[in-house]
1. Please find, within the range 206-245, the residue that is farthest from residue 178 (Cα to Cα) out of those that are touching a residue at least 24 places away in the same chain (Cβ under 8 Å) and in a helix (DSSP H, G or I).
2. Right, residue 304: under 25 Å from residue 239 (Cα atoms), assigned by TED's automatic domain parsing to the domain that holds residue 204 and either at pLDDT 90 or above or more than 32 Å from the chain's Cα centre (by Cα) (or both) or not?
3. Do we have any residue at all in the range 147-166 that's within 30 Å of residue 287 (Cα to Cα), charged (D, E, K, R) and either at pLDDT 70 or above or part of a strand (DSSP E or B) (or both)?
4. Within the range 314-328, track down each residue that is surrounded by 16 or more Cβ atoms within 10 Å (Cβ to Cβ) and of a type outside the set (Val, Ile, Thr).
5. Going through the range 115-149 one residue at a time, which ones are touching a residue at least 24 places away in the same chain (Cβ under 8 Å), loosely packed, with under 13 Cβ neighbours inside 10 Å and either more than 17 Å from the chain's Cα centre (by Cα) or within 21 Å of residue 165 (Cα to Cα) (or both)?
6. Quick one: which of 251, 341 is within 25 Å of residue 223 (Cβ to Cβ), basic (Lys, Arg) and out of contact with any Pro (no Cβ under 6 Å at 6 or more places or on another chain)?
Amino acid sequence: MFLLLLFGGWVNRRQQEVISYLKEENRILRQVHRRAGHCRFRLTNEERRRLAVKGKALGRKLLGEVAGVVTPETILGWYRKLVARKYDGSRQRGPGRPRTKGEVVELLLTMAGNNPTWGYTRLRGALRHLGHEIGRNTIKRILQDHGIVPAPERGKQTTWKTFIKAHLGQMAEADFFTVEALTWWGPVRYFVFFIIDIETRRVEIANISHQPHQELMNQIARNLVDDEEGVLREKRYLLCDRAPLYTESFRSILDSGGVEVLRMPARSPNLRPYSERFVRTIKEECLGRIIPLGEKHVRHCISEFGSHYHAERPHQGLGNELIDPEEPRGNTAEAVACRQRLGGMLHYYYREAA
């Protein structure tokens with residue numbers, strides 16, 4: 001009698017589980033039908049959870065007889081995911097090893113770029129000296145992520161930028177530009193020959209003439225390498241294009257003064273960027289906005305712009321500083337004054353001393 005009651009209770013419990021599952025399935029079907037109409041329905045995560053809990057209690061065999069929405073394998077798979085999500089502790093775990101700070105990465109990349117022969121250990125020692133303790137493998141990973149090759153290969157590569165910086169104090173550029181002026185005899189073209197120091201950006205107007213010739217260029221060359229006032233007396237190289245005015249005698253005079261003339265390939269303005277930039281600057285900010293009236297006016301405009309260029313115009317290549325500032329930086333308590341040149345074409349703002 002006791003076994004009969006026990007078996008009857010087990011059968012009744014299984015029937016109740018089946019009924020409970022079918023009720024839950026019908027409830028979900030009605031919800032999905034109202035939500036999707038006649039379209040293909042999709043179950044939400046909450047609906048899958050409810051079916052998974054009810055279906056697990058039935059078991060695979062009985063579930064295969066009563067399940068009508070999805071297959072038993074799908075329902076049991078949902079249940080396994082539900083269990084895995086319950087015991088998933090990834091949200092409680094910390095982020096792991098902290099990432100290297102951005103400023104340290106930037107410092108490391110700067111060191112590796114400026115010192116191509118430094119290996120990982122040498123870079124680590126330099127960073128440790130500055131108070132940053134990071135591992136050798138971390139340095140290796142950061143450099144690899146930024147496309148920087150190891151020291152043996154990096155040490156064999158010298159960029160053009162690095163080469164120029166290493167020789168700035170020994171190099172200058174030379175170039176011509178033209179100015180059209182109105183005279184009593186009609187338009188006259190004047191040739192302006194200048195030298196620019198690559199390191200300081202100082203510009204020296206060597207000559208202004210409407211008919212440059214070989215004897216004139218030879219005299220200019222002698223002036224440039226003069227022992228006392230020559231602009232190139234402390235330079236080693238002069239970069240120029242292949243203009244016919246740079247004659248063999250002109251180059252020989254410079255060479256005898258210790259200056260080697262490097263003639264750039266034809267149609268390669270990027271190899272003389274500093275002189276090209278100066279020509280663009282003087283034309284855009286000055287000569288392109290006026291009509292010079294004769295040689296005297298040309299010389300006056302170029303002289304005024306030269307004073308503005310050296311003492312009043314900030315240069316981006318020098319960190320927005322002036323080449324030869326005439327006044328010290330003022331404080332905010334002093335009044336702002338404005339100096340004008342060429343009738344207000346060029347302006348310079350500064351603080352008046354009290």
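The values are calculated or read from the model by the stated rules, or taken from the named source; none is laboratory data. Fair warning: this is a prediction, and the values are worked out from it, not measured in the lab. All Cβ positions, even for glycine, are placed from backbone atoms using ideal geometry, and neighbour counts span all protein chains on display.
1. If we take residues in the range 206-245 being touching a residue at least 24 places away in the same chain (Cβ under 8 Å) and in a helix (DSSP H, G or I), then 222 is farthest from residue 178 (Cα to Cα).
2. Details: under 25 Å from residue 239 (Cα atoms): no; assigned by TED's automatic domain parsing to the domain that holds residue 204: yes; either at pLDDT 90 or above or more than 32 Å from the chain's Cα centre (by Cα) (or both): yes.
Taking the combined requirement at face value, the residue does not satisfy it.
3. Scanning the range 147-166 turns up no residue that is within 30 Å of residue 287 (Cα to Cα), charged (D, E, K, R) and either at pLDDT 70 or above or part of a strand (DSSP E or B) (or both).
4. Across the range 314-328, the qualifying residues are 315, 322.
5. 117
6. On the way: 341 fails: within 25 Å of residue 223 (Cβ to Cβ).
Selected residue: 251, the only one of 251, 341 that is within 25 Å of residue 223 (Cβ to Cβ), basic (Lys, Arg) and out of contact with any Pro (no Cβ under 6 Å at 6 or more places or on another chain).
Quick grid of which residues meet (1) within 31 Å of the chain's Cα centre (by Cα); (2) assigned by TED's automatic domain parsing to the domain that holds residue 285; (3) polar (S, T, N, Q):
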site: 172; (1), (2), (3): yes, yes, no
site: 187; (1), (2), (3): no, yes, no
site: 191; (1), (2), (3): no, yes, no
site: 194; (1), (2), (3): no, yes, no
site: 199; (1), (2), (3): yes, yes, no
site: 211; (1), (2), (3): no, yes, yes
site: 231; (1), (2), (3): no, yes, no
site: 242; (1), (2), (3): no, yes, no
